[in-house]
Amino acid sequence: MKAFTISAVCLILFSCSSPQKKMYYYYEGPIQGTTFHITYEWNKDLAPEIDSLLQNFNKSLSNYDENSVVSKINNNISTETDELFDEMFNMSFEVYKKSDGAFDITVAPVVNAWGFGWIKKTETEIPDSAEIAKIIKSVGMDKMHLADGKITKDFPESMIVTNAIAQGLSVDYVSDYLFGLGLSNFLVEIGGEVYCYGVNGRGEPWRIGVDKPVDGSGYENRENQIIINLSGYAIATSGNYRKYIENNNQKYGHSIDPRTGFPAENSLLSVSVIGESCMLCDAWATAFMVCGLDKSLEILKSNSEINAYFIYKDTDGQTKVKMTDGFGKYISE
């Protein structure tokens, strides 16, 4: 896991204070257009410190903050990048290359045109081929360049959308902070992406549910497909069953193929990826939803960092499951 530079002030304060009995704390709230839930065992409430971390994260990578680093880059305002942005950009470029462009954070103009980005559309009309052909000219990570703390663009219209990787990175960011304090038992969940370590308050392994891909399901009526046990690993899930638009009785999922500008058409309903880095899991879960089952399994043959669980429809319309050999060991009996 990436170790970020985080202020040592809190560490000094903790070392100078008198020891207190450890207990499990739970903290939740809104962030990045979604929510977070964090459980940890420690000798004090860390809510103020966690808030500070998340605010710092937003200042770098939130598309919803017009003064963030990524927003200034999108608006062609001269700005220096920071450690968080550089880490996100470099990992994105790595997955971009390995996925043959199926993962691409510069798909932002297309995502916004479809109504899945931070710029919301008031109408439900879908973009036509001519509009997509015009927009997609500025899409491609090979058209943006990071050097010496600056982003340069081949096209000023190019923009970055962070939601396919930033939530995973924010999980790593908070988890690294908790590790730095010496915590041995914690779970960090942001926008459905999770990293956990140690055990829960009952002294048992952390149990994480993978949702059944049911259209229209939400937090109030979700149902588990499987339960997994995790410690020292992250899990990220991507799917099209909750976030989609309808037009003329046709559904369009939010997994946009950056190479075509249109929603990916394949049999996948959802993908869950397990690995040590939540940022890496988040990016690959998105990439696999675009790649489809066969291409994803081919990529996984040469990628030992992650394991994946696929839910898909077969040619008869039946829901099926396929997973890598290493994923099964995490599934709770």
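For the peptides 316-323, 304-311, residues were scored by their other Cβ atoms within 10 Å and the scores averaged per peptide; the highest-first order is 304-311, 316-323.
Database remark: amide H of Q225 closer than 5 angstrom to the amide H of V210, D211, K212 (H placed geometrically; neighbours at sequence offset of 5 or more, or on other chains; Pro and chain starts carry no H).
Separation of the alpha carbons by more than 29 angstrom is noted, of K59/K143; K59/K301; K59/K97; K72/K143; K137/K212; K72/K295, for K59/K301; K137/K212; K72/K295. From the residues S304, S71, A147, which one has its Cα farthest along the dipole of the chain in the positive direction, the dipole being from +1 and -1 charges on Cβ of Lys/Arg and Asp/Glu about the Cα centre? Going by the Cα projections, it comes out as S304. Modelled spin labels at N229 and K22, positioned 7 Å past Cα toward Cβ, are 2.0 nm from each other. Only helices enter this figure: runs of n ≥ 4 DSSP H residues, each worth -39500 (n - 2.57), summed and divided by the residues of the chain, yield -9000 deg cm²/dmol at 222 nm to the nearest 500. For the chain, the relative contact order comes to 16 percent (Cα pairs under 8 Å, sequence separation of at least 6). By the rule of a C-alpha distance below 16 Å, with chain neighbours fewer than 8 residues away ignored, the aspartates and glutamates paired with K322 are D211, D294, E298, D314. For the range 152-229, the Cβ-based charge dipole about the Cα centre amounts to some 260 debye (Lys, Arg positive; Asp, Glu negative; other atoms uncharged). Once the Cα-Cα distance is subtracted from the 0.36 nm per residue extended length, the E265 to K322 segment shows a gain of 18.7 nm.
Applying 1/(1 + (r/R0)^6) with r as the Cβ-Cβ distance of S78 and A130 and R0 = 41 angstrom yields a FRET efficiency of 0.80.
No lab work stands behind these numbers, since they all come straight from the coordinates. Because the structure is predicted, anything quoted here is derived from the model rather than measured. With ideal geometry, Cβ positions are generated from the backbone for all residues, glycine too; neighbour counts draw on all protein chains shown.
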